[in-house]
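Notes for the one structure printed next.
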Amino acid sequence: MPPSSHRAVRGFLALSLAAAALTTAGGASSAVASSGSGATAVVSMGDSYISGEAGRWQGNSLTTSGSRNGTDRAWTGTAYDPSRVYGTTAVNGCHRSDSAEVKSAGAIASTLINLACSGATTQNVFRASNGGVAYKGEAPQADQLAAVAASHDVRTIVLSVGGNDLGFADIIRNCATDYIVWYSYCHDDQQAAVDAKIDAAMAGVGKSVDEIRAVMSGAGYAASSYRIVLQSYPSPIPRGAENRYAESGWSRTNTGGCPFWNLDSDWARDSLVPQVANRLKGVAAAKGVQFMDLRDMLQGREVCAKASKQVSSTVPASASTSEWARWIDQNETQGPIQENVHPNYYGQLALGRCLALIHAQPSGNFSCRNTAGSGASGMYLTAVS
């Protein structure tokens, strides 16, 4: 195995705990108002797929210095300052970016508040009084919501959670290791691992919805005065046939940042992601909340997708041509590992547009998808039964 391959192996073993760590926040005013009488607010809660993790990056570039061909929004011209993107949460790792879904949704409320945190599980959403656990130095998100509900007129709460309960980080690590080290497939044993965890994970998602409702009721809100939107997850990697790099050799690992076998890629895209989405849809139905299906949101914009391009000195960063997901940076030469395989800046803007679109729909379940060759403005909803 060549030296670069050894570096890749070490890098992937290191990325394991964070690769798909599915980023709490802030924004709540300290002023106290009667429930529902403050400034209108939309609140996001949950894990990294809604916190804004990877919002630092405008596409992926192999250049490891300077602005990385304009992809690194943390570059100041002389140094890297992640707080330019993640604010104070660059330190604790919650990684609530300036481009996070709720922040990119536009003027859907007077105040847009992000309480999500990268790596959060359902237990980090529950109230402390009901089994909730503080995370990364911050109180459980439902307890944070209580303060927001007391000082704002909360209209919509959007939730993304459950992926970390299922061990998405472990799945990414194991599949990458099987590709790089063992030359074996991961989908069979990883499917068994997901099947063993999914009932408990979905129960946790259901309880998260119950906890949010309990907080809102305790703050004096009528059930009809606000909405909860539960969303699913997009696939950050394409199907095998849609990958622009050959399955053999090292291009998927060292060039594309997508080290997965075709069969494992197909399983993730067409089995795992739909399985999780369908189960989350079931939770939404059981709890009487809206559902936003994101399984196809990154179609054609995934890492290594044939329909997208890496950024280079001759190919500028662009929402219409660049990848919308962060690659796997096996050597951690461009920021922390936890950013890997999350929607990047362009993906976050697209998610924000999805939120704005479903916010305008008072009821019903919808799938949000992109339009090939278009930026966030090309996102559109399709009703799902």
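Projecting label points 7 angstrom from Cα along Cα→Cβ for S224 and S320 puts them 4.7 nm apart.
Distance between the pseudo-spin-label points of A360 and S129 (7 Å out from Cα toward the beta carbon): 4.0 nm. Applying 1/(1 + (r/R0)^6) with r as the Cβ-Cβ distance of E332 and T88 and R0 = 22 angstrom yields a FRET efficiency of 0.45.
The stretch 215-274 to the stretch 113-173: how many Å between their Cα centroids? Result: 19 Å between the Cα centres.
Here the gap between S374 and S184, fully extended at 0.36 nm per residue and compared with their Cα-Cα distance, gives a gain of 64.7 nm.
Computed over the stretch 277-333, relative contact order equals 26 percent, with contacts defined as Cα pairs under 8 Å that lie 6+ residues apart. Considering only beta bridges that DSSP places wholly inside the chain, some 30 percent are antiparallel.
Spatially close Lys pairs in the chain, defined by Cα atoms under 19 Å apart and a spacing of eight or more places or different chains, total 4.
Computed from label points 7 Å out along Cα-Cβ, the spacing between D210 and D81 is 4.6 nm.
Since every read-out is calculated from the coordinates, none of them should be taken as a lab result. Owing to the predicted nature of the structure, the values given are computational and were not obtained by experimental measurement. When we count neighbours, we look across all protein chains shown, and the Cβ atoms used for this are built from the backbone with ideal geometry, even at glycine.
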